[in-house]
1. Just the accessible area per residue of the chain, please: how many Å² with a 1.4 Å probe?
2. Considering only DSSP states other than H, G, I, E and B, which trypsin sites (Lys or Arg not before Pro) in segment 15-64 qualify as loop sites with at most 10 other Cβ atoms within 10 Å?
3. What's the carbon and sulfur percent of the chain's accessible surface, probe 1.4 angstrom, rounded to a whole number?
4. State whether the chain is rounded, prolate or oblate according to the following rule on the C-alpha gyration tensor (a ≥ b ≥ c being the square roots of its eigenvalues): a/c under 1.5 gives rounded; otherwise a/b larger than b/c gives prolate, and the remaining case gives oblate.
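The values are calculated or read from the model by the stated rules, or taken from the named source; none is laboratory data. Everything quoted here is computed from the prediction, not taken from an experiment. Every residue, glycine as well, gets a Cβ built from its backbone with ideal geometry; the counts of neighbours run over all protein chains shown. When the accessible area is computed, the model is the full protein with side chains, heavy atoms only, and any ligands, DNA or RNA have been set aside. Shrake-Rupley method; radii C 1.70, N 1.55, O 1.52, S 1.80 Å.
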Amino acid sequence: MNKKHPFEKRLWWRTRLPWFLINLGIAGKGKDCELLNAAHKWYNADGINSGCYYCKKTTQQIKW
């Protein structure tokens, strides 16, 4: 069974909406994937920190 991530649809919208709408809060990131028992999807946020595509969580302990 291939269960989709709870924030998958939100990520889909974030890749298609203009940034000014995202900055207004439309299709913003979720609070934390772990609260919904979902996995994070990490990316290089700034060369030091890893950020999750789906939620607002960042960390220095996981490298993208």
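1. Numbers: 5050 Å² over 64 residues.
Accessible surface, normalised per residue, equals 79 Å².
2. Values: sites: ARG16, LYS29, LYS31, LYS41, LYS56, LYS57, LYS63; in loops: ARG16, LYS29, LYS31, LYS41, LYS56, LYS57, LYS63.
Answer by residue number: ARG16, LYS63.
3. Working: 2730 of 5050 Å².
Solvent-exposed carbon and sulfur of the chain make up 54 percent of the total.
4. Values: a/c = 1.93, a/b = 1.11, b/c = 1.73.
It comes out oblate by the Cα gyration axes.
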